[in-house]
Amino acid sequence: MEVNWPDWLGFDWLDLSWLELPWIDTNWFHDYWYGLLLLGFFWGVLVFTMVGALTAVYVYVERKVSARIQGRLGPMETGPHGLLQTLVDVVKLAVKEDVRPAAADALAFRLAPLLVVVPAVMAFVVVPFGVPMVIRDLNVGILYFLAVPSVTGVGLLLAGWASYDNYSFLGGLRASAQFISYEIPRTLSVVTVVMLTGSLSSARLIEAQADTTWFVLLLPLSFVIYVVTTLAEVNRVPFDIPEAESELVAGFHTEYSGFRWSLFFLGEYASLTTASAFAVALFFGGGLGPVLPPVVWFVLKTAVIIFFAVVLRFTLPRFRQDQLMALAWKYFLPLSLVNLLLAGLVMKAVF
Amino acid sequence: MSEELLADVFFLLGFGVAGLLLPMLPLLLFRYIRPQHPSAVKMEPYESGVVQTTAPRRPFHMAYYNFALVFIVFEVETVLLFAVSPVLRDASWMDLLKAGIFIVLVADGLFYAWRKGALVWK
Amino acid sequence: MLDSDVQIALFAAFGGVAVLAALAAVLTRFLLRSIVAFGAFLTAIAGQFYLLAADFVALIQIFVYVGGVVVLILFALMLSAVGEKHPLAVSEHRGLGAVVAYAVGGWLVWAAFGEDLPEAGEVPGETVAFLGRAFLDQQLVAFEVIGIILLAAVVTALVIVRGERL
Amino acid sequence: MTLVLVFSGLLFAIGTYGVLTRRNAITLLISVEILMNAANLNFVAFSRLWEPELMTGQVFALVGISIAACEAAVGLALILAVFRRFGTTDVGRIDFLRG
């Protein structure tokens with residue numbers, strides 16, 4: 001079914017003709033291969049900068065929230081209320097010495113951070129942040145969103161292996177074992193949404209929710225599974241045993257320093273952002289909402305989910321490794337199989 | 001149709017190039033600003049300041065591999081469900097049953113692994 | 001313009017990357033580099049799939065191969081710890097291997113030019129819907145057989161790994 | 001179309017060379033996977049030639065990918081079992097008749 005939105009809400013962001021710039025023939029981008037390449041490059045730069053800036057914001061928010069929870073003040077010295085603290089930190093990280101252990105494997109040591117950060121940012125291509133607005137609406141967008149970040153598992157293992165350090169090695173094995181374990185229930189929970197949508201395109205996802213209702217109401221169990229497993233995928237507390245500082249120093253990135261270390265950090269936050277944004281698209285109707293423009297709704301909903309993750313980090317203890325794996329395989333996987341069955345019934349009931 | 005896919009590939013290539021270049025840019029830019037004084041001690045593995053006594057790359061226990069094994073099988077299953085699930089909405093009960101048989105077949109593997117204790121972290 | 005010339009050029013570029021990566025994977029003496037080259041090879045093949053109007057298969061390639069099989073191979077590498085810095089041994093029959101490979105490759109490439117093939121047909125818009133229908137109707141046997149094979153694989157592999165009887 | 005066949009032929013040759021000359025079990029497995037990918041490339045390409053709406057070739061490519069994944073799982077399990085018994089993954093040095 002077609003969704004009827006006011007024109008000013010539903011314009012196609014990729015079509016720059018709404019700018020009415022007299023000197024640019026905007027269809028040019030779509031007609032030539034180098035135009036598309038440039039367009040992709042442009043969006044890549046934009047998304048990357050945006051994610052980088054957002055990460056700086058998160059770090060600040062996270063410090064302030066943790067301070068509030070623990071009865072401290074948090075950063076206060078640099079700038080008003082310590083607002084400039086993360087900026088200063090970024091500069092510090094960028095000009096810090098880049099130490100690579102002599103025994104490390106040079107190729108894998110350099111490749112691993114890129115394998116963590118690039119897929120996380122690339123996943124953003126298919127996130128529908130407006131009502132029909134997607135950076136690029138692939139035919140198989142939802143699968144793309146799950147497939148591309150799955151490369152991160154390789155990056156985690158490579159980082160641990162390349163460092164030639166016992167802590168890193170263990171941390172890398174644990175991190176990727178956890179990553180792959182939680183990937184299955186997470187993917188299965190998305191399958192239920194695809195069943196209701198009837199398409200793998202992420203723009204159709206929003207239209208389907210406009211036709212019926214937010215999928216969180218139809219598939220509450222899928223939503224719970226998705227959120228918990230996503231927290232595990234991005235190594236957030238209570239699932240951060242790979243980086244348990246009390247036993248493994250810093251896990252797989254123990255040997256990394258300076259900017260390369262911050263790439264891991266960036267990758268973690270970038271995947272938190274994309275996963276939360278996609279959770280909103282999957283279960284909360286993306287930018288659907290009254291009065292305000294869709295983009296605003298979308299950002300608000302995403303911010304709520306991310307804030308939830310931040311608060312969770314400072315309120316829950318950490319799982320043990322064996323509990324973590326048992327949780328994935330003995331609880332979440334059977335639960336998500338049952339959920340498939342439930343979703344089939346819901347689907348038959350609704351349509 | 002296939003023109004649209006071609007456009008997708010070019011777009012994603014451009015996006016990927018941007019994604020690869022941007023993280024590497026600061027590394028190259030600050031190369032000559034940041035201090036670079038490697039020393040033998042600094043380049044040792046960290047290990048909480050203790051001298052490394054065992055080589056980290058040694059055969060490791062099998063529990064990890066059991067999980068990886070069950071993982072790959074279930075990954076293939078979910079992926080095939082992705083192929084089938086978009087058409088299920090307008091499908092008959094018979095089609096649902098066909099998909100159900102497939103799920104039950106693979107779920108047996110999980111049941112087997114569970115019963116054999118392969119899912120226990122040792 | 002986005003015509004077939006551009007498509008062919010891009011396809012050939014992906015093919016070139018795939019061939020180079022495959023060569024690297026087969027020729028290098030360091031196991032880790034071989035695996036990394038294998039990953040690059042798989043990604044290039046996924047690009048080729050995408051250009052051949054098989055977008056779903058391309059993403060499955062990334063999902064199952066790069067996110068699954070490569071991780072599995074890396075796990076095996078770590079659990080057997082053979083990836084130390086020493087180069088791997090190569091068989092003595094390298095000359096023979098090269099001759100056979102040349103023969104096979106030459107024959108296949110010659111065969112590629114030999115046959116007159118029809119023009120490629122227009123592909124349906126949403127490949128996934130057609131794939132799903134195919135799996136539920138004409139190719140149902142393949143679908144369920146995959147299920148059985150997966151079950152067999154997990155049972156076999158667990159038995160082998162744990163070194164016990166059924 | 002010919003281009004696809006040329007590339008898959010080249011990849012098949014590379015894979016064959018790998019299978020014939022490598023002695024490490026894990027690289028052997030990688031070579032076999034290269035062979036399977038060359039075959040999958042052909043399946044997908046021919047899917048476009050005859051009755052593209054039936055997707056037979058693509059279904060076969062998916063079956064191929066699934067089987068390759070299973071093969072990797074079982075193959076690596078074998079390699080690990082062999083490694084635990086003989087302490088090597090070099091197929092030339094696996095020898096049941098050792099002393």
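Pairs over the 29 Å Cα-Cα cut-off, from the set A:Lys64/A:Lys301; A:Lys92/A:Lys301; A:Lys301/A:Lys330: A:Lys92/A:Lys301; A:Lys301/A:Lys330.
Enclosing the Cα atoms of segment C:1-85 in their convex hull gives a volume equal to 75 cubic angstrom per residue. The alpha carbons of segment A:294-351 give a radius of gyration and a Dmax of 17.0, 43 Å, in that order. Ordering D:Phe83, C:Phe63, D:Phe12, A:Phe308 by accessible surface, largest first, gives A:Phe308, D:Phe12, D:Phe83, C:Phe63; the 1.4 Å probe counts only protein heavy atoms, with every chain in place. For chain A, the longest principal axis of the C-alpha atoms and the axis of helix A:333-350 are separated by about 10°. For the segment B:104-117, counting C-beta atoms of other chains within 10 Å of every residue's C-beta and taking the mean gives 5.
Taking both sides together, the accessible area buried where C meets D is about 6400 Å² for a 1.4 Å probe. Pairing the Cα long axis of helix A:258-283 with the longest principal axis of chain A, what angle in degrees results, from 0 to 90 and rounded to the nearest 10? Long axis of A:258-283 versus the principal axis of chain A: about 30 degrees. With a 1.4 Å probe rolled over the protein heavy atoms of all chains, the accessible area of C:Val57, A:Val148, A:Val311 falls in the order A:Val311, A:Val148, C:Val57, largest first. Taking A:Met195, B:Met94, A:Met76 and ordering them by how much accessible surface each has at a 1.4 Å probe, largest first, produces B:Met94, A:Met76, A:Met195.
Among the trypsin sites (Lys or Arg not before Pro) in segment A:60-149, those located in a DSSP loop and surrounded by at most 16 other Cβ atoms within 10 Å of their own Cβ are A:Arg72. Across chain A, the longest run free of exposed loop sites, meaning GluC sites (Glu not before Pro) lying outside DSSP classes H, G, I, E and B with no more than 11 other Cβ atoms within 10 Å, spans A:78-351. The alpha-carbon positions of segment A:63-189 define a convex hull whose volume is 198 Å³ per residue.
Between 0 and 90 degrees, rounded to the nearest ten: what's the tilt of helix A:33-69 against the longest Cα principal axis of chain A? Taking Cα atoms only, the helix is inclined about 60 degrees. The convex hull drawn around the Cα atoms of chain A, when projected onto a plane and averaged over every direction, covers 20.3 nm².
Using a probe of 1.4 Å, the accessible surface attributed to C:Tyr50 totals some 20 Å² when neighbouring protein chains are kept in position. Placing a label point 7 Å from the Cα of B:Ser92 along the Cα-to-Cβ direction, the residues of segment C:133-151 with a backbone N closer than 20 Å are C:133-144. Using Cβ point charges alone (K and R +1, D and E -1), the dipole size of chain A about the Cα centre works out to roughly 1000 debye. Both numbers refer to the Cα atoms of segment A:247-348; Rg and Dmax are 18.2, 54 Å. Each of C:Tyr102 and A:Leu341 was given a label point 7 Å from its Cα along the Cα-to-Cβ line. The distance between the two points is 6.2 nm. Accessible area of D:Asp90 (1.4 Å probe, protein heavy atoms only, ligands and nucleic acids ignored): about 10 Å². Measuring spread by the Cα atoms of segment D:2-93 yields a radius of gyration and Dmax of 15.9, 51 Å. With K and R counted +1 and D and E -1, the other residues having a Cβ less than 12 Å from that of C:Leu51 yield a net charge of -3. Surface composition of chain A: carbon plus sulfur atoms contribute 69% of the solvent-accessible area (1.4 Å probe, protein chains only, all chains present). The contact between chain C and chain A removes approximately 2700 Å² from the accessible area (both sides summed; 1.4 Å probe; ligands, DNA and RNA excluded). Built from the Cα atoms of segment C:124-166, the convex hull projects on average onto 3.9 nm², one quarter of its surface area.
The values are calculated or read from the model by the stated rules, or taken from the named source; none is laboratory data. Not measured: the values here are computed from a predicted model. Neighbour counts run over all protein chains shown; Cβ positions are idealised from the backbone, glycine included. Only protein heavy atoms, including side chains, enter the accessible area calculation; ligands, DNA and RNA are left aside. Shrake-Rupley method; radii C 1.70, N 1.55, O 1.52, S 1.80 Å.
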